[in-house]
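Below you'll find the structure, written out as structure tokens, and then a few comments.
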Amino acid sequence: MPVNVKDVMTQRVISVGEDACFKDIAALLVTHAVSAVPVLDSDGHVTGVVSEADLLHGEEGRERFHGASRPPPQTRPDQGPEADRARGKVARELMTAPAVTVSMDVSVAAAGRLMEHHGVKRLPVLDGHGRLAGIVSRHDLLKVFVRSDRDIEREVRVEVLVRSLWMNTSRVQVAVQDGVVTLSGRMILRRDVQIAVWMTRQVNGVVEVVDELVWDRDDTPAGERG
């Protein structure tokens, strides 16, 4: 069965309210050794995320706009996001918004693609009511690959070949080495071979599938043969 975000997420999440001040947020990040915290409104909905980078950008902006090295008034931009962040003192002013979030029931593969697309390392996880239920990181997503070869072999043989495909596996061999699954032997239909290989690729922990299977009869449409 596919692993979803709820299966690997961290449920105990350090979060802050929208009125949390700069110093309190910084202290939380240092104390709990995290690089970002979700920001919640009064109903528990995620409105943004404050990261180490957000705090550092805010501090840098304050030095630029209010410090000794600030540019002359005629050249200093007093409007716009950078100026707003330089004046920011609480979470709602410092946070990156809107937050990139993910549902509990999304697959870890989809969550990984979402992280890659937005260039983030973690995602707040929402429950069915849109409230914070946990947080998932890249490290959490990697947990699905920490499986023994023996465990992977059993799932391919029992769950894929026998229970899903109702297949006699006496003529099929399954070998797993460092997460790489080699399927060899013979099946009756070519379409069964294609389905078996595809389903094996979906098994959690599988890094690659080597297809060495042959078939007795080609039942695929003529246009798909090659």
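The values are calculated or read from the model by the stated rules, or taken from the named source; none is laboratory data. Please read all numbers here as calculations on a predicted model, not as lab measurements. Accessible surface is based on the protein model in full, side chains and every heavy atom, while ligands, DNA and RNA are left aside. Shrake-Rupley method; radii C 1.70, N 1.55, O 1.52, S 1.80 Å.
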Long-range amide H partners of L40 with built H, under 5 Å: V16, G17, E18, T47
The range 126-226 - Debye-derived log10 I(q)/I(0), Cα point model, q = 0.15, 0.16, 0.19 Å⁻¹: -0.67, -0.72, -0.89
Whole-angstrom gap from the range 115-154 to the range 174-226, using each part's C-alpha centre: 27 Å
Debye log10 I(q)/I(0) at q = 0.12, 0.21 Å⁻¹ for the range 118-183, Cα point scatterers: -0.53, -0.84
q = 0.16, 0.32, 0.33 Å⁻¹: log10 I(q)/I(0) that the Debye formula gives for the range 149-189, counting C-alpha atoms only: -0.36, -1.16, -1.19
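Grab the Cα-Cα distance for V180 and V146, subtract it from 0.36 nm times how many residues apart they are, and report the gain in nm with one decimal.
Details: separation 34, 0.36 × 34 = 12.24 nm, distance 1.30 nm.
Separation in residues times 0.36 nm, less the Cα-Cα distance, equals 10.9 nm.
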Per-residue SASA entry for F145, accessible area with 1.4 Å probe, Å² rounded to 10: 110 Å²
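Report relative contact order for the range 81-150 in percent, whole number only (criteria: Cα-Cα under 8 Å, sequence separation at least 6). List each step's numbers first, then the result.
Details: 55 pairs, mean separation 16.2, N = 70.
Reported as a whole number, the value is 23 percent.
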Descending principal axes extents, the range 178-222, alpha-carbon based, whole Å: 34, 18, 13
3J(HN,Hα) from dihedral phi, the range 206-219, Karplus parametrisation 6.51/-1.76/1.60, rounded to Hz, x for glycine, proline: 6, 8, 7, 10, 9, 9, 10, 7, 10, 9, 7, 9, 8, 9
